[in-house]
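Here's the structure, in structure tokens; my notes come after.
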Amino acid sequence: RPQEEPSNMFCLPSGGYREPKIMYGIANQVLLEGKDFKRMVTFKNKNQIVEQLPNKLVLITAISKPKRLLHYLPTHTVLEAFEDHYYFTQEDIQTLQKKYPNHAFITTAKDMVKLQQFNIANLYLMDLEIQFDDQVEFPAILGHKELNT
């Protein structure tokens, strides 16, 4: 399925692109998800890879477009999304723990940094990585003088 273009053409933080769309014209390389790379997800608890997540799971996140993460999680996962770049408080965590007793929580690496201070016992990490196709080369990077010395 082709990836949809963002409808908001402004640069971040307000739009869908890190650079204006005009940059396609001067880019050294454009990579397509699903053809040139794919997203890989591993789940961890206390830095140990976990093969199966708990049945009762709540995704806590403060990223843009958090619903996209649900694609990688079990269908029964509950989403608790905060505004992008939100800093969690102890009260937020206590409220979630009361709202979802006997649930485990999962978050992204970006949010894990902010949540670690609360010592949530049943907190899992959703570790997202990009895996490039073996055929993809990076001539602009590989040709850079400083990298080849």
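The values are calculated or read from the model by the stated rules, or taken from the named source; none is laboratory data. Just so we're clear, the structure is a prediction, and the values are computed from it rather than from any experiment. In this analysis, Cβ positions are derived from the backbone assuming ideal geometry, glycine residues included, and neighbour counts consider all displayed protein chains. For accessibility, only protein heavy atoms count, side chains too; no ligands or nucleic acids. Shrake-Rupley method; radii C 1.70, N 1.55, O 1.52, S 1.80 Å.
Observations on the model:
- Residue identified as of a type in the set (D, E, K, R) and either farther than 30 Å from residue 135 by Cβ or touching a Cys at 6+ places or on another chain (Cβ under 6 Å) (or both) among 21, 114, 44: 114
- The stretch 43-68: number of residues that are more than 18 Å from residue 122 (Cβ to Cβ), among the hydroxyl-bearing types (Ser, Thr, Tyr) and open to solvent by less than 50 Å² (accessible area, probe 1.4 Å): 0
- Looking only at residues in the stretch 9-26 that are surrounded by 11 or more Cβ atoms within 10 Å (Cβ to Cβ) and part of a loop (DSSP other than H, G, I, E, B), the one that is modelled with the lowest pLDDT is 12.
- Restricting the first member to the stretch 21-39 and to residues that are touching a residue at least 12 places away in the same chain (Cβ under 8 Å), and the second to residues that are assigned to a loop (DSSP other than H, G, I, E, B), the beta-carbon pairs closer than 6 Å and six or more apart or on different chains are 21/9; 33/3; 36/133; 36/136; 37/31.
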